[in-house]
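K.L.:
Attaching a single structure in structure tokens format; questions to follow.
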Amino acid sequence: MTGPTDLLTKPATTDTVTSTRGATVTRLARTRRGPVAEGAARLRRATRSVGGAFARAVGWVRETVSPAGMLLVGLMISGAAAGAAFGWFEGWVVAAMAGALLLVCVPFLLGAHDYRVKLELDRDRVVAGSEIRGTLDLVNGGARPALPGVVDIPVGDGLVEAHVPLLRGGGHHREELLIAAQRRGIIDVGPMTVSRGDPLRVLRREMRWPEVQRVHVHPVTVALPPSSAGLIRDLEGAPSNQLVDADLSFHAVREYVAGDSQRHIHWKSTARTGRLMVRQYEESRHARIAVLLDLDLDGYSGDDEFEQAVSAAASLGVQGVREGRDVLVGVSAELDAADRGAVQSMRALPTVTSRVLLDGISGLEGASAAGAGAGVIRLESVAALVAQSFGDLSIAYLVTGSLVPLQRLRRAAVTLPPGIAVVAVRCDPGAEPAARRSKELTVLTLGELGDLGQLLARGALR
């Protein structure tokens, strides 16, 4: 039995029931509490309310008062304190001037925003070195005039500012923007912020639009000879152990079954056996082309050399995809410092279409294979992983920088499956184009990106 006193001091209970359809139903049962428990509960609620109000006030001050405004507030407080404590007239003057400036800036915050903002970009994929044009449309949806303001548009690591004039109710403002995409990468445009404040930028009010538009800046590519993406013998494919009813590689004849095409009837065997016989084939599979890009920045003399290597790898991959080949574009995956030396990892970029491939290449970043932080594995390790995981290779391109010694390129070539053609493309801006052949591989020295097509056209794969 529970006494009356126990019922009065029993705390509130909460029952939670989860239904079979995944919804959660919460039932709250309230009971009477004693004066001490009720006072403690009210104190906790008051503390939470005061804490929440203080946090909101601090957030409002941070968003509204700029560093210059905080300086004026500090001058006003310190000047008034100095005047009251030491009787300094100059302190009161400083406090009065700072307070007057703050009061003058307050009217610029009055009134509410009712903007409708829309940003349209003409393209979401561009080539490095080009420009993106955008149109910013801003409409004052309110009935009252809106004071002038500034639209801040983050563009990658930069910021584009668009000044908005005084807009009457229903007024419309349009501004043309020009965004430079000089280097390869992925540019996030947004989120936009409309800020309004005084001319001294002491106080401000902001409205945010969370929409972010992504622009892929593709590397510069060049057209290559059609035969550069693979050997001619791959056009007919290599026979496999998989038997099919129609292909190029003849395997044997078998007895006709319902559903077989009459075009594959082998009449000589039919006449000899007295039964309908049809041809059977081995499925032909086209060999794979591998383009391995070295992301180890220790092998490059600078950013321009690394970007030239990225463009060369992109040109080789795009040419193979456009010719309908089975292309593998492999790079080393980034590793933590703790995993370096113990883990080897590579990443294969998507090659469904040339645009998808270029999107993946746009986000590639180099790292050091010997640095203290996160890094990448070297090209030899990437080649070893490709040899273990991807078979049926006919040709492999090793794209790297000028600081990689030939011994490392030979080790990478030997790691790849035997019998394939290996071409190392060493990027060295300004160098004379050259081709050196050895037993393991052919080394192409690339001074300019346009030299790649000429070197391949001279028979680098023969």
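The values are calculated or read from the model by the stated rules, or taken from the named source; none is laboratory data. Not measured: the values here are computed from a predicted model. Counting neighbours? That spans all protein chains shown, and the Cβs are built from the backbone with ideal geometry, glycine included. Ligands, DNA and RNA are excluded from the accessible area calculation, which covers all protein heavy atoms including side chains. Shrake-Rupley method; radii C 1.70, N 1.55, O 1.52, S 1.80 Å.
K.L.:
Kindly provide the set of residues from the stretch 207-224 that are surrounded by fewer than 20 Cβ atoms within 10 Å (Cβ to Cβ) and out of contact with any Pro (no Cβ under 8 Å at 6 or more places or on another chain), ordered by number.
P.N.:
Across the stretch 207-224, the qualifying residues are 207, 213, 214, 220, 222, 223.
K.L.:
Does residue 370 satisfy the criteria of being at pLDDT below 95 and in contact with a Leu (Cβ under 6 Å, 6 or more places away or on another chain)? Lay out the reasoning, then the answer.
P.N.:
Working: at pLDDT below 95: yes; in contact with a Leu (Cβ under 6 Å, 6 or more places away or on another chain): no.
No, not satisfied.
K.L.:
In addition: Could you figure out which of (1) modelled with pLDDT of 85 or more; (2) farther than 30 Å from residue 361 by Cα; (3) open to solvent by 30 Å² or more (accessible area, probe 1.4 Å) isn't true of residue 91?
P.N.:
Answer for residue 91: the failing condition is (3).
K.L.:
If you don't mind, another one. Quick check on the stretch 420-436: of everything there that is at pLDDT 90 or above and either assigned to a loop (DSSP other than H, G, I, E, B) or over 13 Å from residue 456 (Cα atoms) (or both), which residue is least open to solvent (accessible area, probe 1.4 Å)?
P.N.:
It comes out as 427.
K.L.:
Here's something else I'd like to know. Given the conditions (1) open to solvent by 80 Å² or more (accessible area, probe 1.4 Å); (2) assigned to a helix (DSSP H, G or I); (3) under 30 Å from residue 160 (Cβ atoms), report the number of the one that residue 77 does not fulfil.
P.N.:
Result: residue 77 passes all but (3).
K.L.:
Determine, yes or no, whether residue 441 is surrounded by 21 or more Cβ atoms within 10 Å (Cβ to Cβ) and either under 25 Å from the mean Cα position of the chain (by Cα) or at pLDDT 95 or above (or both).
P.N.:
no
K.L.:
Pairs please, first residue from the stretch 353-371 and more than 19 Å from residue 324 (Cα to Cα), second anywhere and basic (Lys, Arg) and part of a loop (DSSP other than H, G, I, E, B), Cβ atoms under 7 Å, 6+ apart in sequence or on different chains.
P.N.:
Hits for this filter: 362/184; 369/378.
K.L.:
Another one. So in the stretch 225-244, with the set limited to residues that are open to solvent by less than 80 Å² (accessible area, probe 1.4 Å) and not aliphatic (A, V, I, L, M), which one is modelled with the highest pLDDT?
P.N.:
My answer is 225.
K.L.:
Report yes if residue 278 is at pLDDT 95 or above and either open to solvent by less than 60 Å² (accessible area, probe 1.4 Å) or more than 22 Å from residue 450 (Cβ to Cβ) (or both), otherwise no. Talk me through it step by step, then tell me what you get.
P.N.:
Details: at pLDDT 95 or above: no; either open to solvent by less than 60 Å² (accessible area, probe 1.4 Å) or more than 22 Å from residue 450 (Cβ to Cβ) (or both): yes.
Answer is no for this residue.
K.L.:
What's the total number of residues in the stretch 353-400 that are aliphatic (A, V, I, L, M) and farther than 22 Å from residue 221 by Cβ? Let's see the steps before the verdict.
P.N.:
Taking the stretch 353-400 as the starting set, the residues that turn out to be aliphatic (A, V, I, L, M) are 356-358, 361, 364, 367, 369-370, 372, 374, 376-377, 379, 382-387, 393, 395-396, 398-399.
Next cut, farther than 22 Å from residue 221 by Cβ only: 367, 369-370, 372, 374, 376-377, 383-387, 393.
Residues flagged as aliphatic (A, V, I, L, M) and farther than 22 Å from residue 221 by Cβ within the stretch 353-400 amount to 13.
K.L.:
Identify, please: which residue in the stretch 444-453 is open to solvent by 30 Å² or more (accessible area, probe 1.4 Å) and assigned to a loop (DSSP other than H, G, I, E, B) and is, among those, nearest to residue 407 (Cα to Cα)?
P.N.:
448
K.L.:
Next question, about the same structure. Give me a count of the residues in the stretch 106-129 that are at pLDDT 90 or above, among the small types (Gly, Ala, Ser) and open to solvent by 30 Å² or more (accessible area, probe 1.4 Å).
P.N.:
Residues meeting the conditions: 1.
K.L.:
Oh, and also: Go through (1) modelled with pLDDT under 90; (2) open to solvent by 20 Å² or more (accessible area, probe 1.4 Å) for residue 460 and report which single condition fails.
P.N.:
Tallying (1) modelled with pLDDT under 90; (2) open to solvent by 20 Å² or more (accessible area, probe 1.4 Å), residue 460 fails exactly one: (2).
K.L.:
In the list 400, 415, which residue meets the criterion of being among the β-branched types (Val, Ile, Thr) and surrounded by fewer than 22 Cβ atoms within 10 Å (Cβ to Cβ)?
P.N.:
415
K.L.:
Here is a follow-up. Please give the strands (runs of 3 or more DSSP E) falling wholly within the stretch 97-161 in which 2 or more residues are in contact with a His (Cβ under 7 Å, 6 or more places away or on another chain) and within 26 Å of residue 178 (Cβ to Cβ).
P.N.:
Of the strands (runs of 3 or more DSSP E) lying wholly inside the stretch 97-161, those with at least 2 residues that are in contact with a His (Cβ under 7 Å, 6 or more places away or on another chain) and within 26 Å of residue 178 (Cβ to Cβ) span 125-127, 130-140.
K.L.:
A follow-up question, please. In this structure, does residue 154 turn out to be open to solvent by 30 Å² or more (accessible area, probe 1.4 Å), within 19 Å of residue 207 (Cα to Cα) and at pLDDT 90 or above? Even if it seems obvious, please write down each step before you answer.
P.N.:
Values: open to solvent by 30 Å² or more (accessible area, probe 1.4 Å): yes; within 19 Å of residue 207 (Cα to Cα): yes; at pLDDT 90 or above: yes.
Taking the combined requirement at face value, the residue satisfies it.
K.L.:
Among the residues of the stretch 245-269, write down those that are modelled with pLDDT of 55 or more and either part of a helix (DSSP H, G or I) or of a type in the set (Phe, Trp, Tyr) (or both). First the steps, then the outcome.
P.N.:
Taking the stretch 245-269 and keeping what is modelled with pLDDT of 55 or more, we get 251-269.
256, 262, 263, 264, 267, 268, 269 - these are the residues of the stretch 245-269 that are modelled with pLDDT of 55 or more and either part of a helix (DSSP H, G or I) or of a type in the set (Phe, Trp, Tyr) (or both).
K.L.:
Given the residues 399, 414, which is the only one that is in a strand (DSSP E or B), among the β-branched types (Val, Ile, Thr) and out of contact with any Gly (no Cβ under 9 Å at 6 or more places or on another chain)?
P.N.:
It is 399.
K.L.:
Please work out if residue 404 is farther than 16 Å from residue 289 by Cα and in a loop (DSSP other than H, G, I, E, B). Write out each step before concluding.
P.N.:
Details: farther than 16 Å from residue 289 by Cα: yes; in a loop (DSSP other than H, G, I, E, B): yes.
Yes: the conditions hold for residue 404.
K.L.:
Continuing with this model, one more query. State whether the residues of the stretch 162-185 include one that is without any contact (Cβ under 8 Å) to a residue 60 or more places away in the chain, open to solvent by 20 Å² or more (accessible area, probe 1.4 Å) and of a type in the set (S, T, N, Q).
P.N.:
yes
K.L.:
Something else now. Which of the residues that make up the stretch 186-206 are surrounded by fewer than 20 Cβ atoms within 10 Å (Cβ to Cβ) and within 26 Å of residue 359 (Cα to Cα)?
P.N.:
Answer for the stretch 186-206, where residues must be surrounded by fewer than 20 Cβ atoms within 10 Å (Cβ to Cβ) and within 26 Å of residue 359 (Cα to Cα): 186, 188, 190, 191.
K.L.:
Right, something else. Could you tell me which residue of the stretch 317-367 is farthest from residue 226 (Cα to Cα), considering only residues that are open to solvent by less than 30 Å² (accessible area, probe 1.4 Å) and at pLDDT below 85?
P.N.:
Within the stretch 317-367, the match that is farthest from residue 226 (Cα to Cα) is 335.
K.L.:
Is there a residue in the stretch 61-73 that is among the β-branched types (Val, Ile, Thr) and free of Cβ contacts under 8 Å to residues at least 60 places away in the same chain?
P.N.:
Looking only at the stretch 61-73, we keep the residues that are among the β-branched types (Val, Ile, Thr), and these are 61, 64-65, 73.
Going one step further and asking which of them are free of Cβ contacts under 8 Å to residues at least 60 places away in the same chain, we end up with 61, 73.
So far as the stretch 61-73 goes, yes, one or more of its residues are among the β-branched types (Val, Ile, Thr) and free of Cβ contacts under 8 Å to residues at least 60 places away in the same chain.
K.L.:
Please specify each residue of the stretch 364-385 satisfying the condition of being closer than 21 Å to residue 306 by Cβ and not in a loop (DSSP other than H, G, I, E, B).
P.N.:
Listed by number, the residues that qualify are 367, 375, 379, 380, 381, 382, 383.
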